[in-house]
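Structure first, then comments.
No lab work stands behind these numbers, since they all come straight from the coordinates. The structure presented is a predicted model; accordingly, all values stated were derived computationally and were not measured. Virtual Cβ from ideal backbone geometry, glycine too; neighbours counted across all protein chains shown.
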Amino acid sequence: MKKVSPKISQEPQHTKGSRIEMSVSKENQLKELVQVTADPSIIPTGQQDTLLTHFDELTKEFPYNAALWASYIKLKIYKIEQEGKGELVLVSPELEKIIGKSIQHCNSFEIWFQYLRYVKLKNNIVVNGKDARNIIIEAYNAIWNKCFSKDMETDVGYEFIHDYLKFLNEWQPQDKYEKHEKSQHIRKVYCQSFSFPIKNIEKVWAEYNNWEQALDPIKCRKQISQVSGEYMKSRGLFIEWQTKMSKHCNSQGSIIPTLQYYLDWIEWEKEKQLAEVEARCDYIYKQALQKMMFQEEKAWYCYSLSQVQFEKKISILEGALACLPESLALTIYLSELYEKHDKNLYIEKIKEIFEKLIANHDLEKEKGLVSNIYITYMNTMNRIEGLSGSRKVFNKIRLLKDKLDYRVFFENAYIEYRADSKSVTPAKVLELGLKYHTINNCDYVHDYLSFLMTTNQPLNMIKTVFENYDDKLNTSVLDTPQITEKNKGIYKLMIEFELRTNDGNIDNILKLQAKYKSKFNASELELFDIFKETRTENLKITKSKTSLGTAQDDNKLNNFDNILNSMASNQSTVLPPESQLSKDPLQVGSSTAQPGEENPFIELPPELADMLFKLPKSVFFPDEVLKPEMLCKFLRDINIDSITTEE
């Protein structure tokens, strides 16, 4: 037969695209390689060594791909057979190492069948007789324990039983002892099949009954009755599993192998606690990876999370990033594992995986995602090395100028601020960012001003930023309502700030309103809406998404601010009852009293409410001046009627 040279496509030349495009390309490339090497006999001898080298490289890169390992071992065995023609026993230590590596990462019938094939080549029954047969039986049992006993979803297990029985039936006993030994081995194969739930268990049971009857019609009932209990239990478990998994089947009754299907299967295994439950779950995870290793990062994450040993977790995640090299989530997970285990030892590894992740993305097409990577990278290095670490990453960001989202500058500013709240570095960082993100970038200016206000920067710095923005603002280029509204928001922010800062000036406020009217050609009605919004409604300074304090502190301040805000729009104000304050003094409730019931909330006279409303917001003070919970308790405990008199 003429040998046809298989054509294997090279890595496609393209610019970096999305994660899906790159992963599909790799997956298709490996599938093509497996397909063209399915029949080693048609591969020219000159190409076999090249392909084996290619397989060796790919299995190092994708160690959890069972089909790749199986094809590699299959081609290696074929080459050994061709080189050892005429020899009755074939031995290859190199192949044994390859098989050993494969079963460390995969648990697949594809690999185990190739392993069995090699064991039979190495142990020729004609030459070594009983010893060879026993070694082959041990190989079958190894496959039985490692793989077959864990499988419940495929028909391959049924084929494996038949292959095992076929091997035993080919045994030609030399005496009665060997005949009895052969029968015992066959009976053991059948009986062990009933000790756990497997697919086609009813077929195996029927075949076993027929075999016992053919072997000894008189004693068969006794033999069958000894295992019938186990069979019924395992059969019941398989039916239960099948019922639970039925929701993952299509209209033809075939299972759709989604991640949720495998997770439901694992949940069932943990619930039933069958023998070797951890090994059974590990087998299921590995089957899930064979179906979705190039698509589903969650499958890799869940598998790694299920492991206990650090080295195993790392191995899984390294395999994951080979299949999904653009995954930010998996990169962060791997980085955090290194950091938790020994951040000083693995510092270079952490840097390497982030740099590799950045290189795997197209900055022009994925600006937002690459910005997120740099933000995560910067925070990670800040945790490990402190400011020196984050500054090294920020130096790389500076070189990219406006190619990244402006968020990276704010993230660095907050890192610097948390390290030293009195430092001028945060403001300088944002000033630098303003050069790269033009003055007409209203989002940047708005967040810049918000940062300066919430971090209590000098008033002249805040006004300088606003005035520079105001001088260069060209309303003629505000071509969309959205941009116009964003620029209006900056003026509103400044008006609110002037209203509530100690250095505020009514003349400045009026000037801002006049500029607003001039810049945006605002009508009297719009001016009234702004007046009402800034004086009576919108009393919160906009904060950046990154909190300066804890979330709990922010919630407490916000809740107390809600009390003050409600005072501006109501003639009388209610405070929550003491029972609610005892749980959280700043948790604001609402009146739940039904008609005829006593309202547990107390009312404040308009004058007192107005006084409280005029208190400055807590964000304007670096230190706690007034404790909101103590004020609430004080107002509740005093007799308001005794200190209020009518004019």
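Can you tell which of I224, M293, L334 lies farthest toward the positive end of the dipole of region 208-356, using +1 and -1 charges on the Cβ of basic and acidic side chains (Lys, Arg; Asp, Glu)?
Farthest towards the positive pole: I224.
Which whole-Hz ³J(HN,Hα) couplings does region 207-212 yield from phi under the Karplus relation 6.51 cos²θ - 1.76 cosθ + 1.60, θ = phi - 60°, glycine and proline marked x?
5, 5, 4, 5, 5, 4
Note down the net charge around N200, summing +1 for each Lys or Arg and -1 for each Asp or Glu among other residues with Cβ under 13 Å from its Cβ.
On the way: positive: K199, K203, R235; negative: D151, E153, D155, E159, E202, E207.
That sum, taken over residues with Cβ under 13 Å, equals -3.
I256: net charge of surrounding residues, Cβ under 14 Å, Lys/Arg +1, Asp/Glu -1, itself excluded?
Spelling it out: positives minus negatives among the neighbours equals -1.
Order 525-535, 97-107 from most to least packed using the mean count of other Cβ atoms within 10 Å.
97-107, 525-535
Where the centre of each part is set by its Cα atoms, how far does region 388-458 sit from region 86-137, in angstrom?
Cα centroid to Cα centroid, the span is 63 Å.
Starting at the first residue of region 120-127, write each ³J(HN,Hα) from the Karplus equation 6.51 cos²θ - 1.76 cosθ + 1.60 with θ = phi - 60°, in whole Hz, x for Gly and Pro.
Along region 120-127, the couplings run 5, 5, 6, 10, 7, 5, 4, 7 Hz.
Distance cut-off 22 Å, Cα to Cα: go down the list K272/K313; K97/K122; K74/K203; K340/K367; K463/K511; K244/K286 and report the pairs above it.
From K272/K313; K97/K122; K74/K203; K340/K367; K463/K511; K244/K286, over 22 Å: K272/K313; K74/K203; K340/K367.
List the lysines whose Cα lies under 22 Å from the Cα of K365, skipping any in the same chain that are fewer than 8 positions away.
Reachable lysines: K16, K26, K356, K396, K401, K403.
Taking a ≥ b ≥ c as the square roots of the Cα gyration tensor eigenvalues, with a/c under 1.5 meaning rounded and otherwise prolate when a/b beats b/c, else oblate, which class fits region 97-197? Mind showing how you got there, number by number?
Details: a/c = 2.51, a/b = 1.28, b/c = 1.96.
Taking the square roots of the gyration eigenvalues as a ≥ b ≥ c, region 97-197 is oblate.
Whole angstrom only: what separates the Cα centroid of region 236-251 from the Cα centroid of region 355-386?
44
Quick one: 3J(HN,Hα) in Hz for region 177-186, Karplus 6.51/-1.76/1.60 with θ = phi - 60°, rounded, Gly and Pro as x.
4, 5, 5, 5, 4, 4, 4, 5, 5, 5
Enumerate the amide H contacts of C249 below 5 Å, restricted to partners 5 or more residues apart or on another chain; note that Pro and chain-start residues carry no placed amide H.
The answer is I256.
By average Cβ neighbour count within 10 Å, what is the ranking of 515-524, 156-165 from highest down?
Final packing ranking: 156-165, 515-524.
State the dimensionless ratio Rg/Rh of region 317-413 (Rg: radius of gyration of Cα atoms; Rh: Kirkwood radius).
0.95
Placing unit charges on C-beta atoms (Lys and Arg positive, Asp and Glu negative, everything else neutral), compute the dipole magnitude of region 225-272 about its Cα centre in debye, rounded to 20.
That gives a dipole near 100 debye.
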